[in-house]
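The values are calculated or read from the model by the stated rules, or taken from the named source; none is laboratory data. Here the structure is a predicted model, which is why all the values come from computation and not from measurement. Cβ placement follows ideal geometry from the backbone for every residue including glycine, while neighbour counts extend to all protein chains displayed.
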Amino acid sequence: MAVLTPLQSPRFLSFTTTSSSSSSSSSLRFFRRNPTQNNLGHRSSSKSEVAIVWFKHDLRTVDHTALTAASQYRAVVPVYVFDHRILARFDDEMVELVLAALRELRFELGEKGPGLMVRFGSAEVVVPEIVRRVSASWSECGSGEVEKIDVYAEEEVEYGLRRMVGEVEECVLNSGLLQGSARIVRWRTPFYEFKNMEELPVSYSDFKKLKLSPTTPLASPDLPKLDIGLEWGTLPTLDDVNRYMDTNPWKLDENWTVMKAVSAAKSIRKKQSGQLEMSNVLVNAGASNQMNSNSKEAVKNKLRNSFFVSMNGNAVGGGTNVALDALAAYLRYFEGTPRDDWQELHDKLRIAESRTGAAFYPLFGPALSLGIISRRMVHYEAVKYEKERNGGFLSPLGYSASTVASAVDAVCSMEWYLLLASRSQKCMEQSHSIRIWKWNGHLIQYTVVGHGGPAVLLVHGFGAFLEHYRDNMNAIADAGNRVWSITLIGFGRSEKPNLVYTELLWAELVRDFIADVVGEPAHLVGNSIGGFFVSIAAGLWPSSAKSLILVNPAGLIISERSFPLIEERPTSGATWLGSRLLMLFLRLRVENIVKNFYPINPKRADNLLINEMLRASYDPGALAVLESIFSFDLSIPLNFLFQSFGGKVLIIQGTKDPLLKSIPRLSMFRQYCKGVTIKELNAGHCPHDERPQEVNSFICEWIEAMERKLQTC
């Protein structure tokens, strides 16, 4: 039975439908043609205006707002810059997908006239140099002085990329041209016609009440074919990019890279068998990249007739037409097909479908992240296919195919979290400024306080968010530390994608955040299940942590040396129903439940906590997170993780915890966890928020003592 979706059905322009057999001809798309005035407000220009379109994560010509705007200029210079900071966010497979997309993009732009300029280097150096070169070439061609050069750059939400675009803008303004003749124009592809971010409701329920219809994608524009005598550069090979990345000043230390390459499940199995040797890991990691020439050629021959253009072949790649053809295959999963490439995609869909709709992002997430296709293109194609299935009719009860529902839900969910991230950066509603980090393509919120000193990472418990440490961050930072607090994937205002959530997934996120954002080993602080997550991270990857500070941590303490590891987390009708009943109960009782966790000072369970927990429960994807409760594996014992970590552990235990029986639990810690330091406090399940001054004192004294010991080692 197809999954029904509550999302608002869009309005569409009239178009001619095609049959399933002809739908694979992806180059024929009925998108709206370019308007005479685009939504960036630029009308047909004078004869001396030039647009530079800086491609980053928008590797397409179809439904490209900036390219449509640029088509009204006298000349257009599309450019892609291989910047270390952009490439550092990609694994090897993503770099392969980037190169494949750039080959197609350069071909498409070459057919339209200008081609694609390729450069290596820091964007704040390269882009202003292109601006100066365009100005000089314009004069050399006898066209006089260029009046204006607009550099179009897609708006970013990720903190590091926002900083990069800001630095480029400053350098462009100081490029030596006449004041105001060169500028950065930020743009985005509007999924909804929503302009004032300050008016965006933070509740998804309130947002749906606006009944906004997704906008229609733009057709690929015709571009001016004016040659102004520029050097366009050549596309690199994968080996060229790898050699360039070896010179990356921001490159992760090899130990961090190796650490990230080993999954949590694999690390546990090796530690259980006592076979985890980093030298072997290094050899294996290197060997995976040393395919002989014959095997590489065999893979390349296979890829010529496949949607999966990387060596690993895990995600759809190539150009826009390939991605749209793959999307057509995905949507038509329930129809028979004689095509080998469609059958290959259907096989991968079945493997990745860990829960209903979960295969969409592994297959198409990279193409969406790189902008090979846009979210509204996916929505448009999915709804068009639904109309084809139903004689032009869209049922108010939902979609008739689960693949259509999954695709629509996925892109609408992605758009919601993008809007939420944009709003959080423009509207200071919380006590700490919000930054965005992209993990596996998903938007994760965090904040950082302090300007130096030892690194400290605060990780919240189930259902909470970074502001649960509202009265800890500044106090710990004031003691001479640099403090990060993160909202884990699936909670608060971080993204809640459709996937199976496990304790190992969250531990891997903690590990990657330390490597990618913190950049050095940290003192890890975790409350409740967050304490379990940071214990897994420290136990499996000891080099990521300086010490553990656990506040009423979840997790078992057992005497046995071996334990089972649950790797399969199948969903069922019982978990589907159970999560919905549990969600209903939690929404009705959230205030009483939270106050019960604060028995000494219930006033601390205030509206900030309760309202945000309630708000997050209505976010798309929240039910998938709640389903994880029914499959949590707490069998990895804390004493095993502490021993594997080998570092110092502080446990702060609220003795009035209504969730965990403190007295027998503390006895187990003392009996089976040798060497841990225990601090008891007259508090409930969240001592750090119920009695922040005392907990802050414990934490700061502990960090200071640990740092002294580390310095003497």
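Numbers below:
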read-out: Residue match in segment 100-115 (condition: within 21 Å of the chain's Cα centre (by Cα) and within 24 Å of Gly318 (Cα to Cα)); value: yes
read-out: Conditions (1) in contact with a Pro (Cβ under 8 Å, 6 or more places away or on another chain); (2) under 30 Å from Ser617 (Cβ atoms): number failed by Lys225; value: (2)
read-out: Subset of segment 51-69 (residues that are farther than 14 Å from Val79 by Cα and surrounded by fewer than 23 Cβ atoms within 10 Å (Cβ to Cβ)); value: Thr65
read-out: Close pairs (7 angstrom Cβ cut-off, 6 or more residues apart or separate chains): over 18 Å from Arg389 (Cβ atoms) and free of Cβ contacts under 8 Å to residues at least 24 places away in the same chain in segment 315-335, of a type in the set (D, E, K, R) and outside any helix (DSSP H, G or I) anywhere; value: none
read-out: Test: Phe207 is at pLDDT 90 or above and either within 30 Å of Thr320 (Cα to Cα) or in a loop (DSSP other than H, G, I, E, B) (or both); value: no
read-out: Out of Leu235, Leu230, Leu161, sole residue that is of a type in the set (A, V, I, L, M, F, W, C), in contact with a Leu (Cβ under 9 Å, 6 or more places away or on another chain) and either in the same structural domain as Met94 (by TED's automatic domain parsing) or in a helix (DSSP H, G or I) (or both); value: Leu235
read-out: Members of segment 211-231 found to be within 29 Å of Gly121 (Cα to Cα) and surrounded by fewer than 16 Cβ atoms within 10 Å (Cβ to Cβ), listed by number; value: Lys225, Asp227, Gly229, Glu231
read-out: Total residues in segment 648-688, condition assigned to a strand (DSSP E or B), surrounded by 15 or more Cβ atoms within 10 Å (Cβ to Cβ) and among the charged types (D, E, K, R); value: 2
read-out: Segment 170-201 - residue that is under 25 Å from Gly371 (Cα atoms), touching a helix residue (DSSP H, G or I) at 6+ places or on another chain (Cβ under 9 Å) and among the charged types (D, E, K, R) and, of those, modelled with the highest pLDDT; value: Arg186
read-out: Subset of segment 336-358 [over 20 Å from Leu499 (Cα atoms) and touching a residue at least 12 places away in the same chain (Cβ under 8 Å)]; value: Arg339, Asp340, Asp341, Trp342, Glu344
